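To start, the structure itself, in structure tokens.
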Amino acid sequence: MPYIKPELRFKVEKELYDLIHAIAESGNSKEEIAPMLAYIFYKLLIVGYGAETDDWYKRMDAIKILESVKEEFLQYRIRPYEAQKRKENGDV
């Protein structure tokens with residue numbers, strides 16, 4: 001995601017790579033990683049926006065973040081994969 005400035009990335013880079021390494025080295029199956037990632041995303045949103053917020057705008061910001069990340073993942077990871085498979089196997 002190129003929208004974050006390098007100086008902001010730097011502030012969280014080490015901890016983020018530590019977390020990524022911990023997940024990668026945990027030996028968890030694919031079935032265990034999905035709920036682990038969901039838990040991590042949820043906890044990050046709670047820390048970022050507060051566990052008990054009555055602020056509708058904060059709640060909507062959290063939704064916007066999730067949607068933006070989803071769209072970024074679709075555009076750069078899922079759609080190219082689907083296009084490659086269409087080339088290999090033909091369209092449905």
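The values are calculated or read from the model by the stated rules, or taken from the named source; none is laboratory data. The structure presented is a predicted model; accordingly, all values stated were derived computationally and were not measured. In this analysis, Cβ positions are derived from the backbone assuming ideal geometry, glycine residues included, and neighbour counts consider all displayed protein chains.
Among the residues of segment 64-81, is there at least one that is modelled with pLDDT under 90, of a type in the set (F, W, Y), under 18 Å from the mean Cα position of the chain (by Cα) and surrounded by 12 or more Cβ atoms within 10 Å (Cβ to Cβ)?
Scanning segment 64-81 turns up no residue that is modelled with pLDDT under 90, of a type in the set (F, W, Y), under 18 Å from the mean Cα position of the chain (by Cα) and surrounded by 12 or more Cβ atoms within 10 Å (Cβ to Cβ).
Residue under question is K87, and the condition is that it be at pLDDT below 90, loosely packed, with under 11 Cβ neighbours inside 10 Å and not small (G, A, S); does it hold?
It is false that K87 is at pLDDT below 90, loosely packed, with under 11 Cβ neighbours inside 10 Å and not small (G, A, S).
List the residue pairs whose Cβ atoms are under 9 Å apart, where the first residue sits in segment 18-39 and is within 27 Å of A51 (Cβ to Cβ) and free of Cβ contacts under 8 Å to residues at least 12 places away in the same chain, the second is assigned to a helix (DSSP H, G or I) and among the acidic types (D, E), and the two are 6 or more positions apart or on different chains.
S26/E32
What pairs can you find where one residue is in segment 60-77 and without any contact (Cβ under 8 Å) to a residue 60 or more places away in the chain, the other is among the small types (G, A, S), and their Cβ atoms are less than 8 Å apart, with a gap of 6+ or different chains?
Matching pairs, first to second residue: A62/G48.
If you check L8, L16, which single one turns out to be surrounded by 11 or more Cβ atoms within 10 Å (Cβ to Cβ) and closer than 25 Å to D61 by Cα?
L16 is the lone residue from the list that is surrounded by 11 or more Cβ atoms within 10 Å (Cβ to Cβ) and closer than 25 Å to D61 by Cα.
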